[in-house]
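Below: one structure, written as structure tokens.
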Amino acid sequence: MPTLTEFLKDLICPRCGWTDSFAIREIVPVLRVRNNTIAVKVRAGVCTHCGEEILDKTASDEIDGAVKKLRDGDTQQLHHIGEAYSYP
Ligand SMILES: [Zn+2]
């Protein structure tokens, strides 16, 4: 499996079309699982021209694993950071 750096090299941004414009950044996508949400910190490529975020397989697998833990109620390794409300 290529490293994130190798994965991003010479990549054409699917949003803006620039080539080799991705820098490695930490991002925290927030995903919804039924009425709960989970924020997963991952390393990803972010286009320095338009902000498009690209995940490699490692980051996708981390997100999928965290979502599966929350979906399965396996929250021992997850950090409880708040509550969610809806109104009205
Ligand atoms: Zn771009």
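For segment 4-72, lysine pairs separated by 8 or more sequence positions, or belonging to different chains, with Cα-Cα distances below 17 Å total 5. One chain, two ends: residue 15 and residue 43. Fully extended at 0.36 nm per residue, the span grows by 8.1 nm beyond their Cα-Cα distance. Summing charges over neighbours of residue 18, with a neighbour being any other residue whose Cβ is under 13 Å away from its Cβ, gives -2 when K and R count +1 and D and E count -1. For the chain, applying the loop criterion from DSSP together with a ceiling of 13 other beta carbons within 10 Å to the chymotrypsin sites (Phe, Trp or Tyr not before Pro) yields 85. Taking Lys and Arg as +1 and Asp and Glu as -1, the other residues whose beta-carbon sits under 13 Å from that of residue 9 total -4.
Gain on full extension, evaluated as 0.36 nm per residue between residue 86 and residue 64 minus their Cα-Cα distance, stands at 5.4 nm. Sorted ascending by nearby beta carbons within 10 Å, beginning with the fewest, 86, 60 become 86, 60.
What do you get for the angle between helix 57-72 and the principal long axis of the chain? Use alpha-carbon atoms, 0 to 90 degrees, nearest ten. Relative to the chain, helix 57-72 is tipped by roughly 10 degrees.
Extension gain, residue 50 to residue 78, is 6.9 nm, computed as 0.36 nm per intervening residue step minus the present C-alpha separation.
Values quoted throughout were computed directly from the atomic coordinates according to the rules given, and no laboratory measurement underlies them. Only a predicted model underlies this, so the values are computations on that prediction, with no experimental measurement involved. Cβ coordinates were reconstructed from backbone atoms using ideal geometry, including for glycine residues, and neighbour counts include every protein chain displayed.
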